[in-house]
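Note sheet for the following structure.
The values are calculated or read from the model by the stated rules, or taken from the named source; none is laboratory data. The model shown is predicted, which means the values in this text are computed figures rather than measured ones. Cβ sites come from the backbone with ideal geometry, for glycine too, and all protein chains shown count toward neighbours. The accessibility values were calculated without ligands, DNA or RNA, using every heavy atom of the protein model including side chains. Shrake-Rupley method; radii C 1.70, N 1.55, O 1.52, S 1.80 Å.
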Amino acid sequence: MAAQYDQSREFARPVLERVHAAGLFDLQIPETVGGPGLTAVEECIVQEELAAGCAGIALALIANTLALTPILLAGTPEQQERLLRPFTEALRFAAFGLTEAEAGSDAGALRTRARRDGDGYVLDGRKRFITNGGVADLYTIFATLDGTSQGITCFAVPKGAPGLSVGREERKLGIRASNTTEVLLDGVHVEAQDRIGGEGEGYRIALRTLLRSRATIGAAALGIAREALSCAIRYAQGREQFGRPIAQLGAIEQMLGEMGMRVEAARLLVYQAAQRIAEGEASPLYSSMAKAYAADTAMYVAGEAVQIFGGYGFMEDYPVEKLFRDAKIYQIFEGTNQVQRMVIARALVKEHA
Ligand SMILES: Cc1cc2nc3c(=O)[nH]c(=O)nc-3n(C[C@H](O)[C@H](O)[C@H](O)COP(=O)(O)OP(=O)(O)OC[C@H]3O[C@@H](n4cnc5c(N)ncnc54)[C@H](O)[C@@H]3O)c2cc1C
């Protein structure tokens, strides 16, 4: 089924309906508004398992949490009740709108404008690469009031708001079952009651959100790595060359040993970061280490798995080429791995100041 959705590039709504029916969506919505009130640890466990099956399908859950976290972190009790409760009652999708064509790693340079308009605001701009962008019922949009990062403010915008539309849907290397689109804002009126946090607090809210989400991104990458390792082991046990299973060749043993070690190291980093988030001690150091190391591990292990499969690994008939294509994005989104290393270095330097 994962291969089928990968090839058709369809959004896997029927699969996601089953995931929702199993109670695995939006785990961190608090019990006060009808959610399960679970933590980043449970979210990582679910994400690791689902991403081992199909990271593209599993990404819809990450995008929901990413978009709803600003409301969890900075929303008033009234906003949480009004905006989050509907997610506990039925399957709904949400999208986090930070990135723009000219503002990726440098998200503080975003240009989407918010103008005060009576009691509310009017938003104009263009968001790029937005996961769930074409299927979302609710968008959290970051826009600046004064053209600077100090003016960035977060707004909740419902699907169907006049002036909000979905632009181009991207055709991607991997995670093809996920929905990635432009989101266009053309004079979108937002009521003051839908501003999340204070004016000018948006950039900080976005960074705090990403800090939490990076553990889950790491968990998805871990799921890919784990699956690639297990495919490689099974194949190496069954494939015979020179009269014996290739798993008994020293060169393959070296590869499997290294892959296994990195998967376990990624697992420790991911769940350490998640545990800190669950305990209210989200740490840039550990979230960035988890995200970057798990993503590098997914890319490395999936690449080695393709190699162990030989020519068959290069073919769509076998699962590892999809894992290889899916792994790449984890080094890029939610802050590229270069940006994570920058964050890690700065946290370390600060610790030693
Ligand atoms: C499939 C997909 C889904 C996405 N989903 C979302 C979403 O739901 N919401 C959202 O808001 N965004 C989303 N994004 C955007 C994503 O987070 C950005 O693509 C990412 O942050 C990188 O920005 P960029 O693509 O503009 O690359 P750039 O920032 O232009 O980076 C280009 C290169 O320069 C390097 N670089 C840039 N700055 C530095 C630096 N200071 N130090 C070292 N190296 C640096 C980068 O590491 C990279 O190698 C998504 C992207 C993709 C591809």
State the percentage of accessible surface on the chain attributable to carbon and sulfur atoms; use a 1.4 Å probe and exclude ligands, DNA and RNA. 53 percent
Taking Lys350 as the anchor, which lysines have their alpha carbon closer than 24 Å to its alpha carbon, excluding any fewer than eight residues away along the same chain? Lys291
Once you sort the root eigenvalues of the Cα gyration tensor of the range 119-214 as a ≥ b ≥ c, which label holds: rounded (a/c under 1.5), prolate (a/b larger than b/c) or oblate (the other case)? oblate
As straight-line cross-link partners of Lys159, the qualifying lysines (C-alpha separation under 19 Å, not fewer than 8 residues apart within one chain) are Lys127
Report, in order of residue number, the helices in the chain meeting two criteria: a C-alpha extent of 30 Å or more along the helix axis, and a mean Kyte-Doolittle hydropathy of at least -1.0; treat each whole DSSP H run as one helix. 40-74, 202-238, 250-278, 284-308
Student exercise, the range 2-89 dipole from Lys, Arg, Asp, Glu Cβ charges, in Debye to nearest 20: 220 debye
Taking the dipole of the chain about the Cα centre (Lys, Arg +1; Asp, Glu -1; charges at Cβ), the one of Leu61, Gly313, Leu83 that reaches farthest to the positive side is Gly313
Furthest towards positive pole of dipole, Gly120, Val188, Ala177, structure part the range 94-200, Cβ charges: Ala177
Sequence gap at least 6, Cα distance under 8 Å: using those rules, report the relative contact order of the range 207-345 to the nearest whole percent. 34 percent
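How high is the relative contact order of the range 94-200? Use alpha-carbon pairs under 8 Å, at least six apart in sequence, and give a whole percent.
Contact order relative to length: 32 percent.
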Relative contact order as a percentage, the chain, C-alpha pairs under 8 Å and 6+ apart, gives 18 percent
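Out of the GluC sites (Glu not before Pro) in the range 38-132, which ones are loop residues according to DSSP with at most 11 other C-beta atoms within 10 Å?
Answer by residue number: Glu102.
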Is the shape of the range 76-130 best called rounded, prolate or oblate, per the rule: a/c under 1.5 gives rounded, else a/b larger than b/c gives prolate, else oblate, with a ≥ b ≥ c the square roots of the Cα gyration tensor eigenvalues? oblate
What value, in deg cm²/dmol to 500, does the helix sum -39500 (n - 2.57) over DSSP H runs of n ≥ 4 give at 222 nm once divided by the residues of the chain? -16500 deg cm²/dmol
Starting from the amide H of Gly37, placed 1.01 Å from N in the peptide plane, find each other amide H under 5 Å away whose residue is 5 or more places distant or on another chain. Ile29, Glu31
Where in the range 276-353 are there GluC sites (Glu not before Pro) that are in a DSSP coil and have at most 11 other Cβ atoms within 10 angstrom of their Cβ? Glu279, Glu281, Glu316
Set the Förster radius R0 to 25 Å, insert the Cβ-Cβ distance between Thr32 and Gln272 as r into 1/(1 + (r/R0)^6), and round the FRET efficiency to 0.05. 0.35
Virtual paramagnetic centre 7 Å along Cα→Cβ of Val349, amide N under 16 Å, in the range 278-319: 285
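How large is the dipole of the chain about the Cα centre if only Lys and Arg carry +1 and Asp and Glu carry -1, each at its Cβ, rounded to the nearest 20 debye?
Working: 37 positive and 43 negative charges, 110 e Å.
With only Lys, Arg, Asp and Glu charged at Cβ, the dipole is about 520 debye.
What is the magnitude of the charge dipole of the range 236-353 about its Cα centre, with +1 placed on the Cβ of each Lys and Arg, -1 on the Cβ of each Asp and Glu, and no other charges, expressed in debye to the nearest 20?
Here the range 236-353 has a charge dipole of around 280 debye.
Tell me whether the chain comes out rounded, prolate or oblate; compute the Cα gyration tensor, take square roots of the eigenvalues as a ≥ b ≥ c, and use a/c under 1.5 as the rounded threshold.
Verdict is prolate for the chain.
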Lysines with Cα under 19 Å of Lys322, excluding same-chain neighbours fewer than 8 positions away: Lys172
Accessible area (Å², per residue) of the chain, counting only protein heavy atoms and a probe of 1.4 Å: 44 Å²
